[in-house]
Amino acid sequence: MKLSKKDKLKLCFELFFAFFKIGAFTFGGGMAMLPFIEREVIEKKKWIDKDTLMDILVVSESTPGPIAINAATFVGTQTAGTLGSTFATLGVVLPSFMIILLLSVCLEAVWTNEIVQFALRGIRAGVLALLAKSLWGLIKKCPRSILAYVLIVSSFVAVAIFSVKVLLVIGCGAAIGLASYFISRKAGERR
């Protein structure tokens, strides 16, 4: 469906404010934002479906840059093209930029404050819960196969224990996934 310029601009502002809200009220980075992104863009606004979000997350994880910014850019592009991606990206980035700018002005006074340190510890605990929720959502979406489970465990071991570069693990995962596809496709042709 083709949008008029007025409707497209309205959609761009909706994207901006939706992602501004996500960026302003979440702590802990992109993975902690995933439940909020899901609720806002799938459940409330219905801009995309869960499968599209999973595809966006896979692409966001495999491209340079923070996952929340990449996800905002892709959602904006899906809904309103280049202008939408610009508005969504600005929306998710602007709160952090403003907060960091404000904190940099009074960093020393804020950083050494004992109350602030206790608040940050509490925020870290909440972020951990959000990360666990995101992980659980990704696990539920993971294909149910031995190959998928082997890839999950071996990727975790490679990164967490042997400090293998994440980009290498992602590349190997993609190669194994493609090989699996072509092998199963060839097996299907033989029948």
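The values are calculated or read from the model by the stated rules, or taken from the named source; none is laboratory data. Computed from a prediction, not measured in an experiment: that's the story for all the values here. No Cβ is skipped: glycine too gets one built from the backbone with ideal geometry, and neighbour counts run over all protein chains shown. Surface areas here come from the heavy atoms of the whole protein model, side chains and all, with no ligands, DNA or RNA. Shrake-Rupley method; radii C 1.70, N 1.55, O 1.52, S 1.80 Å.
Worth pointing out:
- Span-like helix ranges in the chain, DSSP H, alpha carbon extent 27 angstrom or more, Kyte mean at least -1.0: 5-24, 67-105, 114-141, 166-190
- With contacts taken as Cα pairs under 8 Å and at least 6 residues apart, the chain reaches a relative contact order of 23 percent.
- Over 18 Å [Cα-Cα, the range 1-110], rounded percent: 47 percent
- Sparse-neighbourhood loop sites, chymotrypsin sites (Phe, Trp or Tyr not before Pro) in the range 132-191 - DSSP loop, at most 10 other Cβ within 10 angstrom: Phe162
- Local net charge near Lys141, Cβ-Cβ under 14 Å (Lys/Arg +1, Asp/Glu -1): -1
- The range 78-130 - percent of accessible surface contributed by carbon and sulfur, probe 1.4 Å: 75 percent
- Among Gly126, Gly23, Gly76: highest mean-square fluctuation, GNM of the chain, C-alpha pairs under 10 Å: Gly126
- Solvent-accessible heavy-atom area per residue, rounded to whole Å², over the range 1-88 at 1.4 Å: 55 Å²
- For the chain, built as a Gaussian network whose Cα springs stay under 10 Å, the top-fluctuating residue of Val75, Val153, Val58: Val153
- Solvent-accessible surface (1.4 Å probe) assigned to Lys50 amounts to roughly 90 Å².
- Neighbour net charge for Leu83 - beta-carbon separation under 11 angstrom, K R +1, D E -1: +2
- Heavy atoms of Leu83 accessible to a 1.4 Å probe, total area in Å² rounded to 10: 80 Å²
- Around Val127: net Lys/Arg minus Asp/Glu count, Cβ-Cβ under 13 Å: +3
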